[in-house]
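The values are calculated or read from the model by the stated rules, or taken from the named source; none is laboratory data. Fair warning: this is a prediction, and the values are worked out from it, not measured in the lab. When we count neighbours, we look across all protein chains shown, and the Cβ atoms used for this are built from the backbone with ideal geometry, even at glycine. To get the accessible areas, we keep the full protein, side chains included, count just its heavy atoms, and leave off ligands, DNA and RNA. Shrake-Rupley method; radii C 1.70, N 1.55, O 1.52, S 1.80 Å.
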Amino acid sequence: GQVPTWLQGILLRNGPGMHTIGESKYNHWFDGLALLHSFTFKNGEVYYRSKYLRSDTYNCNIEANRIVVSEFGTMAYPDPCKNIFAKAFSYLSHTIPEFTDNCLINIMKAGDDFYATGETNFIRKINPQTLETLEKVDYNKYVAVNVATSHPHYDSAGNVLNMGTSIVDKGKTKYLLFKIPSSVPEQEKKKSCFKHLEVVCSIPSRSLLHPSYYHSFGITENYIIFIEQPFRLDIVKMATAYMRGVSWASCLAFNKDDKTWFHFIDRKTKKEVSTKFYTDAMVFFHHINAYEEDGHIIFDIIAYTDNSLYDMFYLKNLSKDFEKNAKLTSIPTCKRFVVPLQCDKDAVVDSNLVTLPSTATAVKEKDGNIYCQPEILCEGIELPRINYDYNGKKYKHVFATQVQWSPVPTKIAKFNTQTKEMLHWGQDDCWPSEPVFVPRPDAKEEDDGVVLTCVVKTDPKDPPFLLVLDAKTFTELGRATVNVEMHMDLHGMFIPQQDMKTETE
């Protein structure tokens, strides 16, 4: 087929690539050493390259020829000849362990630079053209966070907005929303944009020792949406995990009898909306989009009724018969919540305050809290992406991978949130990755552009390929076959040619 000649730039992707080092193996797929790969589009041609992220974690492990740095699902024990008492003592004095810089989840743009990101306080600058690993940035030097999401948002000025958790800092555990400016003042050109990082607001955790796990957050024109779910980290367990010989993942627990709380922060006043909104217990990783309409905030997320998804990816479960054995006990469900922010203070108890046409409800309770129930838009999609020009605005289209009871995607889907229509692309023995939408230059419509996805084949002898779909019709425009082994990846971004610093190739 043909790759449109207007498509000029780099599709940069990230994900776990190496799971065995020497004789040692990681326990969980999300622990593998980060492997970056890129597809460069130039005048209708496609160039592929991949490279391991040369993190401190990678270097230490390779040098020792075994896993010596702990990851979320794998607790590693460094050099055994070090005095165990010294080790124990330092662990007790550092409640929060030294985290890994194996940034394997996503790619973020800050200022003119690009970074590989994970969910710890470390990110690694990379060269998007050569995939070379550059300096390590520790968020903790600029803002008191121990973990941060790898799904930041970008505002219209190019500033990065992200969230992190500050664990038992000065006796409090809180969620911090922070902003990294897109440029620094002229006189400080030598300084990094992180030096000008500012905390936008903080939300106290409902529990000092059990902060909520979160992978993303939502944004509209005037509000930030943060969901505090009953899928929580146990800090005391985490602090003693090393001594007990268990992984940090075992310190995460879901409480199905608990509530999920919604927090809305006004971006202008930096204050949280005082009304308390909540829904039933759920586990979710990905926000799709959110917007405002007639005094309501509407936000779409992909949620589960339990945390079986994480357990699926333990490598012992990813065996040959994976597709037969790995059955999710909860199917991903695309839920739309409609939250009436401008609701009548004198509304009758038990009345539904949603005035927009939707099956979603928000019911006022005796204590003034508002209980929200979602409208179910569809089921079985994950890794959602949108046309980012519509982020925070009313939109129609979601591009996603399609999964059924198994967590590995077999198709790419395009879902219309208004008509509920779904289009698919799929072929036998093909496992596509998160689809990325790239708008056509001068596009007038939301879905005018292409969708890019990397497709891995079940049979390792079949070469993997990059697929280019027309985003409107979902017909295949072309594919670029790669004659090397390609890994299933997690997330990434398309960098248009004009956003690249003109460095020599």
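Side notes on the structure shown:
- Hits in the range 108-140 - residues which are part of a loop (DSSP other than H, G, I, E, B) and open to solvent by less than 30 Å² (accessible area, probe 1.4 Å): Gly111, Gly118, Asn121, Asn127, Pro128, Gln129, Leu131
- Residue tally, condition assigned to a strand (DSSP E or B) and either surrounded by 15 or more Cβ atoms within 10 Å (Cβ to Cβ) or touching a residue at least 12 places away in the same chain (Cβ under 8 Å) (or both), over the range 41-61: 9
- Qualifying residue in the range 383-394 (condition: in contact (Cβ under 8 Å) with a residue 12 or more places away in the chain, open to solvent by 40 Å² or more (accessible area, probe 1.4 Å), assigned to a strand (DSSP E or B) and within 30 Å of Tyr278 (Cβ to Cβ)): yes
- Identification of strands (runs of 3 or more DSSP E) wholly contained in the range 257-355 with 3 or more residues that are closer than 29 Å to Thr458 by Cα and modelled with pLDDT of 90 or more yields 283-293, 296-304.
- Looking across the range 141-156, the residues that are open to solvent by 30 Å² or more (accessible area, probe 1.4 Å) and closer than 14 Å to Lys174 by Cα come down to Ala144, Val147.
- All conditions in (1) open to solvent by 50 Å² or more (accessible area, probe 1.4 Å); (2) closer than 22 Å to Phe30 by Cβ; (3) touching a Leu at 6+ places or on another chain (Cβ under 9 Å) hold for Val236, with the sole exception of (2).
- Where Gly1 falls short, out of the listed (1) assigned to a loop (DSSP other than H, G, I, E, B); (2) open to solvent by 30 Å² or more (accessible area, probe 1.4 Å); (3) within 21 Å of Met500 (Cβ to Cβ): (3)
- Cross-chain or 6+ apart pairs with Cβ under 8 Å, the range 317-342 first and under 30 Å from Leu353 (Cβ atoms), then open to solvent by 10 Å² or more (accessible area, probe 1.4 Å) and modelled with pLDDT under 85: Ser330/Ser308; Ser330/Leu309; Ile331/Gln404; Ile331/Trp405; Pro332/Leu309
- Lone unmet requirement of (1) touching a Pro at 6+ places or on another chain (Cβ under 8 Å); (2) modelled with pLDDT under 95; (3) surrounded by 21 or more Cβ atoms within 10 Å (Cβ to Cβ); (4) under 25 Å from Gly111 (Cβ atoms) for Asn162: (2)
- Positions within the range 450-467 being of a type outside the set (Phe, Trp, Tyr) and in contact with a Ser or Thr (Cβ under 9 Å, 6 or more places away or on another chain), in sequence order: Thr453, Cys454, Val455, Val456, Pro463, Pro464, Leu466, Leu467
- Residues in the range 268-290 that are crowded, with 20+ Cβ neighbours inside 10 Å and more than 23 Å from Glu119 (Cα to Cα): Phe277, Thr279.
- Listed by position, the strands (runs of 3 or more DSSP E) contained in the range 446-505 that have at least 3 residues being under 19 Å from Asn43 (Cβ atoms) and among the hydroxyl-bearing types (Ser, Thr, Tyr) form an empty set.
- Complete set of residues in the range 482-495 that are surrounded by fewer than 18 Cβ atoms within 10 Å (Cβ to Cβ) and at pLDDT 95 or above: none
- Taking first residues from the range 171-194 that are open to solvent by 50 Å² or more (accessible area, probe 1.4 Å) and partners that are of a type in the set (Gly, Ala, Ser), the Cβ contacts under 9 Å between residues at least 6 apart in sequence or on separate chains come to Lys172/Ser166; Lys172/Ser202; Lys172/Ser205; Ser183/Gly111; Ser183/Ala157; Ser183/Gly158.
- Val438 meets the stated requirement of being surrounded by 13 or more Cβ atoms within 10 Å (Cβ to Cβ) and touching a residue at least 40 places away in the same chain (Cβ under 8 Å).
- Restricting attention to the range 355-367 and to residues that are in contact (Cβ under 8 Å) with a residue 12 or more places away in the chain and open to solvent by 30 Å² or more (accessible area, probe 1.4 Å), the residue that is nearest to His296 (Cα to Cα) turns out to be Thr355.
- Residue list for the range 129-142, filter: out of contact with any helix residue (DSSP H, G or I) (no Cβ under 9 Å at 6 or more places or on another chain) and more than 23 Å from Trp248 (Cα to Cα): Gln129, Thr130, Leu131, Glu132, Leu134, Glu135
- For Leu377: the one exception among (1) assigned to a strand (DSSP E or B); (2) surrounded by fewer than 17 Cβ atoms within 10 Å (Cβ to Cβ); (3) not acidic (Asp, Glu): (2)
- The set of residues in the range 450-479 that are buried (at least 16 other Cβ atoms within 10 Å of the Cβ), over 17 Å from Glu434 (Cα atoms) and touching an Asp or Glu at 6+ places or on another chain (Cβ under 9 Å) comprises Lys472, Leu477.
- The set of residues in the range 408-422 being outside any loop (DSSP other than H, G, I, E, B), crowded, with 18+ Cβ neighbours inside 10 Å and in contact (Cβ under 8 Å) with a residue 24 or more places away in the chain consists of Ile412, Ala413, Lys414, Phe415.
- Pairs, first farther than 17 Å from Val3 by Cβ in the range 457-469, second of a type in the set (D, E, K, R) and assigned to a loop (DSSP other than H, G, I, E, B), C-beta under 8 Å, six or more apart: Lys457/Asp429; Thr458/Asp429; Asp459/Asp429; Pro460/Glu485; Asp462/Asp429
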